[in-house]
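What follows draws every value from the coordinates through simple rules; no lab data is involved. Just so we're clear, the structure is a prediction, and the values are computed from it rather than from any experiment. Positions of Cβ are generated from backbone atoms using ideal geometry, with glycine treated the same way; all protein chains shown enter the neighbour counts.
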Amino acid sequence: MNRAAAALVLMLSTSPEAAPPSAWTENHTREILEKTQTIRLDTDLSPLSAGERAALAKLLEVGAIFQDLYEESRHPKALELRQKLDAQKTPLAEQQRTLYRLFQGPIANTLQNERMPFLAADPVVPGKNVYPWGITKAQVQAVLEKHPSLQASLLAPRTAVRRADATSLRQDLGTLERYPVIAGLHPGLSETLRALAKKPDPALLYAVPYAVAYAPRMVKAHGLLWDAASAVEAEDAEFAGYLRNRARDLLSNDYESGDASWVRGRFRRLNAQIGSYEVYDDELFGAKTFYSLSVLIRDDAATAKLEKGLQGLQALEDSLPYTPHKTVSSDIPVGVYNVVADFAQARSTNTATILPNEPLHARRYGRTILLRSNIMKNPNLFSNGRTVWEAVVAEPFRAHLGPSGGFNRTLWHEVGHYLGVDQDVKGRSVNSDALEENSSALEEMKSDLVSLYIGKQLRERGFYDDTTLRELYASGILRVLQVVRPRRDQPYQTMQLMQLNYFLDQGLLELRPDGLHIHYEKYPEVVGSLLREVLALQRAGDKPASDRFIERYTRWDEAVHGVLATRMRAQQKYRYTLVNYSALGE
């Protein structure tokens, strides 16, 4: 980060903090816990060598560091509240600990899809704790309008934004003095902070790299990754090289070396997603990434079978309804894995991942796809989805939902991130820069639609037969059903509602007294039409146009959506899923 990266100049108003609400009672917590199922991932570790097991232990320690950091970066009081809960032994405290584990912090998502503190904590704010707590988008935009050169630093994916008060500046300068290796990796930053410290003013803004903001934990994680690399080097030199590169990345705040060795590496058994990548938690600008770590074991047989089906990607890219098309590699690093443990932003029932997101890194090295087999094939998760499906789909269509549909839709959804528009006409990334907080919803919808759009071509190639193609299409319908009205800050649910409305408008779906009817003959045309609109929006990079598009297709009609949601809620046994991991002793 250069000197401008830490600068800032604009008076920002501050507002008094309201008193935090009271903690929930047992009745409040029980309402959610009764709708929560627990699944346990008991991944077989027997294929691992002694060195791999030693590396795994170190990676799990890094995961615990990232877990703390994730909770703190979403709420400033999270770790303090968790510590207090751990010291309490009452039945209510036990319930609250479960809620904390489920929601990874003191903010619950209620059955009514409202976010509320269940402990005595401040309500959630859009910028979480990676911006000054409670700052508004208008305040940050005012800075950027007066000082446009600051956008690269204040909205960088891995910087924490501060107010230039004496305490913050003193802490950051102290960090750079205590960790000279970090100071050396960020030349000019100390000088900039010293200049600001001469006249501290809490109305000013500056930004520091995550490596500085979280220096003690990054240094600790660096050492653990180095230890993990040493443990596994004799039998998996490429994985060890990746771990060392990623260890350095955590201090430099530049992920290129780690991304290159991760994406292009050919690892033996273990794989690990390590770092700060996804922007979903930043509801202010959709710019800031949050930490995650996943440790996985490769399923060689399933991966080999999958790789054979991923040939000819350029033809699929060229078939998409947009121009100009780009050149894509057919050598996509893809693997089927069993999850050993997830931490922080990755801790959920997430079925797959494609990273990195930075367009430059993706262009240079590609992106790796990690399919999480023991999540995707979990029978309890599939059963819960079938219950929702059968509640609203008319009887002639109920048997169309099958296990292959979700797997294949997820696979080609991830490939869909690799295809299509990646930069707008101004060269800005479609993942965050161009459409700000709308970027995630539109990118996820694009990938959903690509997975369905190319289904017909894959049928012609023999990847699908008639049954598995229909299961893909059925999974695409299940994907968009909403049991509650989405909030605008929920990118996945927002784009799913948009697809549902478009499918209803275009006659792909029809609501009759006996339930939803699916007009499969309209599937390719309707999906292609919506995909064309999404790709055009991404290419144009027109934020106001994307606002209007989202507003148009996020309508909620109680006579339609409300009726469907009521039916699904009446039949759905579980709304939430808590994942436990045997590797963590859970």
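The length gained on full extension between Q311 and R266, counted as 0.36 nm times the residue separation minus their Cα-Cα distance, comes to 14.3 nm. In the chain, the DSSP beta bridges split such that about 75 percent are antiparallel, to the nearest 5.
Using +1 on the beta carbon of Lys and Arg, -1 on that of Asp and Glu, and nothing else charged, what's the dipole of the chain about the Cα centre, debye to 20? Mind dumping the intermediate values first?
Numbers: 71 positive and 71 negative charges, 111 e Å.
Magnitude of the dipole: close to 540 debye.
Quick one: if you stick a label point 7 Å off each Cα along the C-beta vector at A302 and L92, how many nm between them? Each label point is offset 7 Å from its Cα along the Cβ direction, giving 4.3 nm.
Toward the positive end of the charge dipole of region 524-572, with +1 on the Cβ of Lys and Arg and -1 on the Cβ of Asp and Glu, the farthest Cα among W556, L530, A570 is that of A570. Using only side-chain charges placed at the Cβ, +1 for Lys and Arg and -1 for Asp and Glu, the dipole size of region 328-439 relative to its Cα centre rounds to 280 debye. Ordering L205, T110, N129 by the projection of their Cα atoms onto the charge dipole of region 91-206, which places +1 on the Cβ of Lys and Arg and -1 on the Cβ of Asp and Glu, puts L205 at the extreme positive end. A Cβ-based charge dipole, computed about the Cα centre of region 378-586 with Lys and Arg at +1 and Asp and Glu at -1, lands at about 280 debye. Taking a ≥ b ≥ c as the square roots of the eigenvalues of the Cα gyration tensor, an a/c ratio of 1.5 or more together with a/b no larger than b/c marks region 411-504 as oblate. Under 20 Å of direct C-alpha separation, and excluding same-chain neighbours fewer than eight residues apart, K426 reaches these aspartates and glutamates: E145, E358, E436, E437, E443, E533, D542, D547. For the set K220/K377; K77/K573; K288/K573; K137/K543, the pairs lying more than 25 angstrom apart at their alpha carbons are K220/K377; K77/K573; K288/K573. Round to a whole angstrom and tell me the spacing of the C-alpha centers of region 266-291 and region 152-198. Here the two parts' Cα centres lie 23 Å apart. Using alpha carbons only, how many angstrom separate the centre of region 357-376 from the centre of region 403-442? Cα centres, region 357-376 to region 403-442: 12 Å.
Which of the aspartates and glutamates could a cross-linker bridge to K89, judged by Cα under 18 Å and excluding same-chain residues fewer than eight apart? Hits, sequence-local ones excluded: E26, E80. Look at the dipole of the chain built from charges on Cβ: of A164, W389, A240, the Cα furthest out on the positive end belongs to A164. Length gained on full extension, E34 to Q572, computed as 0.36 nm times the residue gap minus the Cα-Cα distance: 192.5 nm.
Find the relative contact order for the chain and round it to a whole percent, using C-alpha pairs within less than 8 Å whose residues are 6+ positions apart. Spell out each step's value before the answer.
Details: 1009 pairs, mean separation 97.0, N = 586.
Across the chain, relative contact order equals 17 percent.
Calculated FRET efficiency, E533 to A50, Cβ-Cβ distance, R0 = 51 Å: about 0.40 to the nearest 0.05. Given axes a ≥ b ≥ c from the Cα gyration tensor, I'd like to know whether region 378-586 is rounded (a/c under 1.5), prolate (a/b larger than b/c) or oblate. Rounded. Under the criterion of Cα pairs below 8 Å and six or more residues apart, the relative contact order for region 143-246 equals 29 percent.
Take every Cα pair under 8 Å whose residues are at least 6 apart in sequence, average their separation, divide by the length of region 200-301, and the relative contact order is 19 percent.
In this label model, R548 and R115 are separated by 2.9 nm, measuring between points 7 Å along each Cα→Cβ vector. Available extension along the chain between R363 and K377 is 1.9 nm, counting 0.36 nm per residue and deducting the alpha carbon span.
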